[in-house]
Amino acid sequence: MSDWYAEVDFQPQQDRVLRRGDSGEEVRALQQRLSLAGSPLTLDGQFGPATERAVRAFQYQAGLVVDGLAGPKTERRLRQALAEASQPMAEATTRGEPAPDARLLGQQDLVWAAQQLAVPVAAIMAVNEVESRGSGFFSNGRPAILFERHIMVRRLRHHGIDPAPHVASAPDLVNTSPGGYAGGVREYERLERAQQLHHDSALESASWGLFQIMGFHWQHLAYDSVRDYVAEMHRGEREHLDAFVRFIRRDPVLLSSLRHQQWARFARRYNGPAYARNRYDEKMAQAFASHRRGLQESGLPA
């Protein structure tokens, strides 16, 4: 555990979101949906303060994270709200409209995490915006994962298994170098093949959920087993957040950095030595300021 941060290059892959400062037809369409949902707006295609307030108000009403960002979760709930307003929920479900997903994070979950770590809510929101995937589950309903073949080499050795034969026969699954990614839901194909080589090593060699925490951390994070950890990741994003809280709490550098908003120090530890290349520290500083302002304007804990 002591040197994991020196070897990672964590780059969260996130979906497209609309935010303050954006403009164009996508913003105009969002404003139209918000207006239909009860927040009258000028349909000018400019994502300014009024549109951000309307997004936050809708997110609060819908039980989502109140971050003012119009991403897939907010868009999905907004479309559901409009569908429900025009027809009974039973009819909407029959027509294929998905029911609200109770597995998604809500603002109260981030408040809980902030209390657990004794940090501002805006700090948790900044990390959630910049360092999470944005969604903890793939489109097939399974937890988001990324299988790391170079970690598989180490976990096989950890379990007393010589990785050399597997490096020769399945280099896309067992390799001394990172890579071989299939991406998205196809990562489960790699994981399932790796499980046939050694079940627990495979689970330990994947990163899981919203914050993509590696399976091999299970013992350090006080789970009963890697299978227990994976089972928790299947339950919901609140469990993903719980894993993140455990992760931060057990690392004095990360915890201290988050408490004092030392974003460069936090990003260096969380993202790896190349953090500056993607400006993660700058993005978190900006997100923290934005969320603190937005929470104060909304009268919510900041």
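The values are calculated or read from the model by the stated rules, or taken from the named source; none is laboratory data. Computed from a predicted structure; not experimentally measured. Note that each Cβ is placed from the backbone with ideal geometry, even for glycine, and that neighbours are counted across all protein chains shown.
So, of the residues in region 266-287 that are farther than 18 Å from N128 by Cβ and free of Cβ contacts under 8 Å to residues at least 60 places away in the same chain, which turns out to be surrounded by the fewest Cβ atoms within 10 Å (Cβ to Cβ)?
Here the residue is R277.
Within the set of pairs 6 or more residues apart or between chains, which connect a residue that is more than 18 Å from R293 (Cα to Cα) and buried (at least 18 other Cβ atoms within 10 Å of the Cβ) inside region 104-128 to a residue that is of a type in the set (D, E, K, R) and modelled with pLDDT under 95 with Cβ atoms less than 7 Å apart?
Pairs that qualify, where the first residue is more than 18 Å from R293 (Cα to Cα) and buried (at least 18 other Cβ atoms within 10 Å of the Cβ) and the partner is of a type in the set (D, E, K, R) and modelled with pLDDT under 95, are L104/K73.
Is at least one residue of region 76-97 under 19 Å from the mean Cα position of the chain (by Cα) and either modelled with pLDDT of 90 or more or within 19 Å of L210 (Cα to Cα) (or both)?
yes
Which residue, of Y270, Y223, Y280, is hydroxyl-bearing (S, T, Y) and farther than 30 Å from H159 by Cα?
Answer to the selection: Y280.
Any residue in region 71-92 that is within 16 Å of A37 (Cα to Cα) sitting within a Cβ distance under 8 Å of a residue that is part of a helix (DSSP H, G or I) and at pLDDT below 90? List the pairs, counting only those 6 or more apart or interchain.
Short answer, once both residue conditions are applied: Q80/A92; A83/A92; E84/A92.
Of all residues in region 173-196, which are out of contact with any Phe, Trp or Tyr (no Cβ under 9 Å at 6 or more places or on another chain) and assigned to a loop (DSSP other than H, G, I, E, B)?
Passing the criteria: V174, N175, T176, S177, P178, G179, G183.
Determine if region 27-38 includes at least one residue that is assigned to a loop (DSSP other than H, G, I, E, B) and at pLDDT below 95.
Among the residues of region 27-38, at least one is assigned to a loop (DSSP other than H, G, I, E, B) and at pLDDT below 95, which makes the answer yes.
Given the structure, is R246 in a loop (DSSP other than H, G, I, E, B), within 19 Å of the chain's Cα centre (by Cα) and either at pLDDT 95 or above or more than 14 Å from V127 (Cα to Cα) (or both)?
no
Just give me the residues in region 249-265 being assigned to a helix (DSSP H, G or I) and either without any contact (Cβ under 8 Å) to a residue 24 or more places away in the chain or β-branched (V, I, T) (or both), in sequence order.
Those that are assigned to a helix (DSSP H, G or I) and either without any contact (Cβ under 8 Å) to a residue 24 or more places away in the chain or β-branched (V, I, T) (or both): P252, V253, L254, S256, S257, A264, R265.
Go through region 265-285 and give me each residue that's over 23 Å from R19 (Cβ atoms) and at pLDDT 95 or above.
R265
Can you run down the residue pairs with Cβ atoms below 9 Å, 6 or more apart or on separate chains, where the first is in region 191-220 and over 12 Å from L156 (Cα atoms) and the partner is β-branched (V, I, T) and in a loop (DSSP other than H, G, I, E, B)?
From residues that are over 12 Å from L156 (Cα atoms), the pairs are M214/V8.
Just the residues that are in a loop (DSSP other than H, G, I, E, B), among the hydroxyl-bearing types (S, T, Y) and either within 14 Å of I213 (Cα to Cα) or over 27 Å from the mean Cα position of the chain (by Cα) (or both), please, taken from region 136-172.
The answer is none; no residue qualifies.
Go through the residues of region 174-183 one by one and say whether even a single one is touching a residue at least 12 places away in the same chain (Cβ under 8 Å), touching a helix residue (DSSP H, G or I) at 6+ places or on another chain (Cβ under 7 Å), surrounded by 14 or more Cβ atoms within 10 Å (Cβ to Cβ) and on the phi > 0 side of the Ramachandran plot.
The answer is yes, given that some residue of region 174-183 is touching a residue at least 12 places away in the same chain (Cβ under 8 Å), touching a helix residue (DSSP H, G or I) at 6+ places or on another chain (Cβ under 7 Å), surrounded by 14 or more Cβ atoms within 10 Å (Cβ to Cβ) and on the phi > 0 side of the Ramachandran plot.
Among the residues of region 30-56 satisfying the criterion of being free of Cβ contacts under 8 Å to residues at least 40 places away in the same chain and aliphatic (A, V, I, L, M), which is surrounded by the most Cβ atoms within 10 Å (Cβ to Cβ)?
Selected residue: V55.
With S290, S257 as the choices, which residue is out of contact with any Phe, Trp or Tyr (no Cβ under 6 Å at 6 or more places or on another chain), buried (at least 20 other Cβ atoms within 10 Å of the Cβ), within 18 Å of V119 (Cα to Cα) and of a type in the set (S, T, N, Q)?
Every option except S290 fails the conditions.
If Q61 satisfies every condition in (1) in contact with a Lys or Arg (Cβ under 7 Å, 6 or more places away or on another chain); (2) without any contact (Cβ under 8 Å) to a residue 24 or more places away in the chain; (3) within 23 Å of V121 (Cβ to Cβ) but one, which is the exception?
Of (1) in contact with a Lys or Arg (Cβ under 7 Å, 6 or more places away or on another chain); (2) without any contact (Cβ under 8 Å) to a residue 24 or more places away in the chain; (3) within 23 Å of V121 (Cβ to Cβ), only one is false for Q61: (1).
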